[in-house]
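Here the structure comes first, spelled out in structure tokens, and everything after it is commentary.
The values are calculated or read from the model by the stated rules, or taken from the named source; none is laboratory data. Bear in mind that the values here come from a model prediction, so they are computed numbers and not experimental data. Reconstructed Cβ throughout: ideal geometry from the backbone, glycine too, with neighbour counts over all protein chains shown.
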Amino acid sequence: MAELRRILVIKFGAFGDFAVAMGLFRAIREYHRDARITLLTTPPFEEWAEAGHWFDDVWTDGRPTGLNAYVALVRRLREARFDRVYDLQTNGRSSLLYHALRPNPPEWSGIAWGASHPHANPRRDLMHNYASKREQLLMAGIANVPDTDVSWATGIPLRFEIAKPFVLLAPGGAAHRPAKRWPVERYALLASALSSRALTPVVVGGEQERELAEAIRKVAPDAVLLAGQTSFGDLVVLGREAALAVGNDSGPMHLFAAAGCPMLVLFGGDSSPTLSAPHGARVRTLQATAIADLTVEQVLNALPEARSIP
């Protein structure tokens, strides 16, 4: 086999999926130690991808808007002359890039028809996302895929002045999938109950979750609101320091799991813990047919034991 010198990894997002992929990135880096590896992603993940030192180059034009931008991306891919592509996005958009590079596409690991290293398991969509991608890499020759490691991540949570012990609450999630969100009114009551147990509730999320955070603090005045104020590194360090985390099936919970935080992840019928629960030894899940059917009492009773951190 010819030596593979130029490698492309495709991973656009979303937040949780990108967090899950970090162990895969490391596996590809270790397997192709001497290759130049490029990530094709989107702007929100540029800083995180560069901080992990898995890639030599990070391209953020993975989701071009308009025909001209798409043609420019295909031209850029052709000119780069990659030897192999690991498509970790594995959807129609990423597979289309394989066909756009015909008649002489690079070696390709993914689900695109005609790929040299296909993920040839017809039941792959019934597997947990992480297990599915590990199997994909195995079929491409990469047998050693480590668990997600965020020991290298740094942040500055001390600037938040949070009283310990504290519990992380992640009430947000994908805006286009509201059925994955436990009602904010329940999070507010949960935060109040945690405060009564001498646990500081800390609400995290993106800028778009600020309104949810404010609604929680109206009921639980002791809650610390960090929505829109944290980097990926901050979330990892907060996960290391927290006694517990409770949240929906969302990106922050995957980072907290990687940081080793005991957690409870809430699911309704719109998503499945079997397919998408955060990967970690201290992860517990709670599911109802509709996520709104879960009561505050059920959540409190299902909480894992809080760890004691000085």
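Taking segment 190-207 as the range and being surrounded by fewer than 19 Cβ atoms within 10 Å (Cβ to Cβ) and not acidic (Asp, Glu) as the test, the residues that pass are Ser192, Ala193, Ser195, Ser196, Arg197, Ala198, Gly206. Select from segment 214-229 the residues that are touching a helix residue (DSSP H, G or I) at 6+ places or on another chain (Cβ under 9 Å) and of a type outside the set (Val, Ile, Thr) and list them in ascending order. Scanning segment 214-229 gives Ala215, Arg217, Lys218, Ala220, Pro221, Asp222, Ala223, Leu225, Leu226, Ala227, Gly228, Gln229. For segment 275-283, check the following and say yes or no: at least one residue is assigned to a loop (DSSP other than H, G, I, E, B), farther than 17 Å from Ala242 by Cα and modelled with pLDDT under 95. So far as segment 275-283 goes, yes, one or more of its residues are assigned to a loop (DSSP other than H, G, I, E, B), farther than 17 Å from Ala242 by Cα and modelled with pLDDT under 95. The set of residues in segment 211-256 that are touching a Ser or Thr at 6+ places or on another chain (Cβ under 6 Å), of a type in the set (A, V, I, L, M) and farther than 15 Å from Ala163 by Cβ contains only Val219.
What strands (runs of 3 or more DSSP E), lying completely within segment 39-141, carry at least 2 residues that are free of Cβ contacts under 8 Å to residues at least 24 places away in the same chain? By residue number, 57-59.
Selection of segment 175-210 for residues being assigned to a helix (DSSP H, G or I), more than 16 Å from Ile162 (Cβ to Cβ) and at pLDDT 95 or above yields Val184, Glu185, Arg186, Tyr187, Ala188, Leu189, Leu190, Ser192, Ala193, Ser196. Taken over segment 21-64, the criterion of being within 24 Å of Gly173 (Cα to Cα) and touching a Ser or Thr at 6+ places or on another chain (Cβ under 7 Å) is satisfied by Met22, Gly23, Thr41, Thr42, Pro43, Glu46, Ala49, Thr60, Gly62, Arg63.
Look at (1) farther than 21 Å from Leu244 by Cα; (2) surrounded by fewer than 19 Cβ atoms within 10 Å (Cβ to Cβ); (3) under 22 Å from the mean Cα position of the chain (by Cα) and you find that Val145 fails only one, number (2). Among the residues of segment 260-274, the ones that are at pLDDT below 90 and buried (at least 19 other Cβ atoms within 10 Å of the Cβ) come to 1 in all. Return a yes/no flag: does segment 243-256 have any residue that is more than 14 Å from the chain's Cα centre (by Cα) and not in a strand (DSSP E or B). Checked against the condition, which is being more than 14 Å from the chain's Cα centre (by Cα) and not in a strand (DSSP E or B), segment 243-256 yields at least one hit.
Suppose we filter segment 9-21 for residues that are under 11 Å from Leu88 (Cα atoms), among the hydrophobic types (A, V, I, L, M, F, W, C) and surrounded by 22 or more Cβ atoms within 10 Å (Cβ to Cβ); how many remain?
Of the residues in segment 9-21, 5 are under 11 Å from Leu88 (Cα atoms), among the hydrophobic types (A, V, I, L, M, F, W, C) and surrounded by 22 or more Cβ atoms within 10 Å (Cβ to Cβ).
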